[in-house]
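Novice: First the structure, which I've put down as C-alpha cells, then a few questions once you've had a look.
The values are calculated or read from the model by the stated rules, or taken from the named source; none is laboratory data. Computed from a prediction, not measured in an experiment: that's the story for all the values here. Neighbour counts are summed over all protein chains in view; Cβ atoms, including those assigned to glycine, are modelled from backbone coordinates with ideal geometry.
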Ligand SMILES: NC(=O)c1ccc[n+]([C@@H]2O[C@H](COP(=O)([O-])OP(=O)(O)OC[C@H]3O[C@@H](n4cnc5c(N)ncnc54)[C@H](O)[C@@H]3O)[C@@H](O)[C@H]2O)c1
C-alpha cells in the first residue's frame, strides 16, 4: 500500500515505537491519529509535532476498552474521512513471572496486549474493506515467537498476537486489506517502565528507569533505536510483507525453539 496522502491510526503513539511510527508516517506524507492512554505524554508529543507543522490528531484512548477503540475509529473518520493504516502497537509488561501474577494483573496485560489488538481489528478492518484499501500492523514481539523465564504474561499475550495476525492475514487474503506482524527484539523505549500506565488499583509504585544497556546485556542482544523499527514498518506496509523482524538473531532463537519442538525436547532459554 502507498503511504503518501493516506491516514494512519497508531496506538501507543506517545512513546517509543508508536511515536517513531507517527514521525515516520508524517515524513511519508500521511496524516496520523495518535492514540494513547497517557494523556500528558500524548498532549506533549502531539503538541511538539504540530508546532513543527505535522498533521496529527491526538485521542486519549485505553485500547483495553472496546468502546474507547470504537470511539477512536469514529473520531479518526470524523477527522480525516478514512483510515488506511492501523498500527495496533500499544503494549505493556508487568515484569512478574506467570505464577506470581495476580488475576487483576492478568486482566491488565491481556486487556492491553491482546484485547487491544483484537478490538482494533474488529473496529477498523470492516471500514478498510468497505473503503477498498487498508493495512493492519500488529505489534507482537520476539517474545511471541520464543519464550524466556523473564517476561511472565507478556509471552502468552504476544504469542496470541502472532496467532491472531497469521489467521487474520489468511482471512483477508484476496481482499485489498493487508496484514503485517511486527516482532521486535530489543528496542530502546520505555517498555520496561510499563507499570506507569497500569490501573491505579494494581498499586504499582512509579517504576525505576533501567539503563537499556543493562537490559541488553541480560537479554544478550543489541538495542535498536525506535526510528529504525519505524523504517522497517513503512517498508513492509509498502511491499506487503507479513513478518517484520528487527534483529537477525530472532531467527536463530526461533529455529532453536522449533528444533526442540520438532524433537519433542523440553523448552530451554537462549540460543
Ligand atoms: N521495546 C522493546 O524492546 C519491544 C520489543 C518487542 C515488542 N515491543 C512492543 O512494542 C510496542 C510498543 O512499546 P514500546 O517499546 O514503544 O514501549 P513504550 O512504553 O515506550 O510505549 C508504549 C506506549 O503504549 C501506551 N499504552 C500503554 N497502555 C495503553 C493502553 N491501555 N491504551 C493505549 N495506550 C497504552 C503507553 O502509554 C506508551 O505510550 C508494545 O506492544 C511492546 O510490547 C517492544
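Novice: Which of the residues spanning the range 162-213 are in contact (Cβ under 8 Å) with a residue 60 or more places away in the chain, part of a helix (DSSP H, G or I) and within 14 Å of the ligand (Cβ to nearest atom)?
Specialist: 165, 191, 192, 194, 195, 196, 197, 202
Novice: Just to be sure I understand, how many residues within the range 113-156 are part of a helix (DSSP H, G or I), in contact with a strand residue (DSSP E or B) (Cβ under 8 Å, 6 or more places away or on another chain) and near the ligand (Cβ under 10 Å from one of its atoms)?
Specialist: Final tally of qualifying residues: 4.
Novice: Return the residue satisfying two criteria in turn: it lies in the range 95-112 and is within 13 Å of the ligand (Cβ to nearest atom) and surrounded by fewer than 23 Cβ atoms within 10 Å (Cβ to Cβ), and of such residues it is modelled with the lowest pLDDT. Give the steps one after another, and end with the answer.
Specialist: Residues of the range 95-112 within 13 Å of the ligand (Cβ to nearest atom): 95, 107-112.
Cutting the leftovers down to surrounded by fewer than 23 Cβ atoms within 10 Å (Cβ to Cβ) gives us 95, 107, 110-111.
Details: 95: 91, 107: 98, 110: 98, 111: 98.
Only one residue fits best here, namely 95.
Novice: Hey, another quick one. Would you be able to tell me the number of residues in the range 29-75 that are in contact (Cβ under 8 Å) with a residue 24 or more places away in the chain, away from the ligand (no atom under 13 Å from the Cβ) and more than 18 Å from residue 230 (Cβ to Cβ)?
Specialist: Final tally of qualifying residues: 4.
Novice: Hey, another quick one. Give the residue that is nearest to the ligand (Cβ to nearest atom), with candidates limited to residues of the range 76-94 that are surrounded by 21 or more Cβ atoms within 10 Å (Cβ to Cβ) and more than 26 Å from residue 240 (Cα to Cα). First the steps, then the outcome.
Specialist: So in the range 76-94, the residues surrounded by 21 or more Cβ atoms within 10 Å (Cβ to Cβ) come out as 76, 83-94.
If we keep only those that are more than 26 Å from residue 240 (Cα to Cα) too, we end up with 92-94.
Numbers: 92: 5, 93: 7, 94: 12 Å.
Filtering the range 76-94 for residues that are surrounded by 21 or more Cβ atoms within 10 Å (Cβ to Cβ) and more than 26 Å from residue 240 (Cα to Cα), the one nearest to the ligand (Cβ to nearest atom) comes out as 92.
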